[in-house]
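Derivation of every value follows stated rules applied to the coordinates shown; laboratory data play no part. Only a predicted model underlies this, so the values are computations on that prediction, with no experimental measurement involved. Neighbour counts are summed over all protein chains in view; Cβ atoms, including those assigned to glycine, are modelled from backbone coordinates with ideal geometry.
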Amino acid sequence: MITLYSKATSNGRKASIMLEETALEYTVRPMALEKKEQKQNWYLAINPNGRVPCIVDDDGPGGQKVSVFESGAILQYLAEKSGKFLPKDGAARIEVLNWLYFAAGHVTHTGLCVHWQVRNRDSGQEHAHLNMWQEENNRVYGVLDRGLEGRDYLAHELSIADFAAYPWVYRYDMQEIELGKYPNVRDWLARVGDRPAVKRGLQVPPRDDDF
């Protein structure tokens, strides 16, 4: 059994979407981030980084229990466990990994910085770097748009790269992105978002607010 420690944040949704898409059996342990539960010792023993998501697989390699943290690593682990959404070798695998790490290193980081700066602005706090991060975020959307030219998905076929990028691009409105400037991203967003497993994954675990 896989246990998912998460909350329905953009990073958390990467893992829940993948679990829904692969149909691997799992259970959810919602984390009370507002109470800093992710910083408690019991959780730090599972995930030294003290963030979500994290998974614990009771039936890991060789039948050993393993914990996997960092959303990109979780996606790759689940892909290899299920045999889905990541080619085993060759150029196709390299293409997926290119976009997976672009999503982890650029789409995620830049989107997160914009989110925090927008929240700070809207609550009357310091947000001096908002324009800088929004400029960088538009550059990232431009990269995605070029990459999606002539493709339905980031690496041609649906893959973990799409699941890594989608939950952040899904929040383009909060990032104040004019999606019409990026027609390939707009179409890709609708295409991925129309998948039943993606819709289910966005609600795991359910929450009233959003991030």
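Points worth noting:
- Coil-residue trypsin sites (Lys or Arg not before Pro) of the range 4-77, DSSP, other Cβ within 10 Å capped at 15: Lys36, Lys65
- Virtual paramagnetic centre 7 Å along Cα→Cβ of Lys199, amide N under 19 Å, in the range 1-44: 13-14, 16-23
- Burial ranking of peptide ranges 142-152, 158-168 (average Cβ count within 10 Å, highest at the top): 158-168, 142-152
- ³J(HN,Hα) computed for each position of the range 152-169 - Karplus, 6.51 cos²θ - 1.76 cosθ + 1.60, integer Hz, glycine/proline x: 7, 9, 4, 10, 6, 9, 4, 8, 5, 4, 5, 5, 6, 8, 4, x, 8, 5
- Shape box of the range 114-203 [Cα atoms, principal axes, largest first, Å]: 42, 30, 20
- Antiparallel bridges, percent of DSSP beta bridges restricted to the chain (to nearest 5): 65 percent
- Here the range 126-165 is treated as a sphere whose radius is the Kirkwood value from Cα pairs; by Stokes-Einstein at 20 °C and 1.002 mPa s it diffuses with a coefficient of 185 µm²/s.
- Distance in nm between pseudo-label sites at Ser67 and Glu176 (7 Å out along the Cβ direction from Cα): 3.9 nm
- Beyond 25 Å in Cα-Cα separation lie the following of the pairs Lys65/Lys88; Lys7/Lys199; Lys81/Lys199; Lys36/Lys199; Lys7/Lys65; Lys14/Lys84: Lys36/Lys199.
- Hypothetical label at Asp58: residues of the range 73-96 whose amide nitrogen lies under 20 Å (7 Å Cα-Cβ projection): 78, 81-82
- When each of the peptides 172-178, 106-112 is scored by how many other beta carbons lie within 10 Å of its residues on average, the order from highest to lowest is 106-112, 172-178.
- Evaluated at q = 0.27 Å⁻¹: base-10 log I(q)/I(0), Debye formula over Cα of the range 19-84: -1.30
- A dipole drawn for the range 62-211 from +1 and -1 charges on Cβ atoms has a positive end, and of Leu144, Leu78, Trp133 the residue lying farthest that way is Leu78.
- Span from the the range 81-143 Cα centroid across to the the range 1-52 one, whole angstrom: 19 Å
- About its Cα centre, the dipole of the range 106-191 is roughly 40 debye, where the only charges are +1 on Lys and Arg Cβ and -1 on Asp and Glu Cβ.
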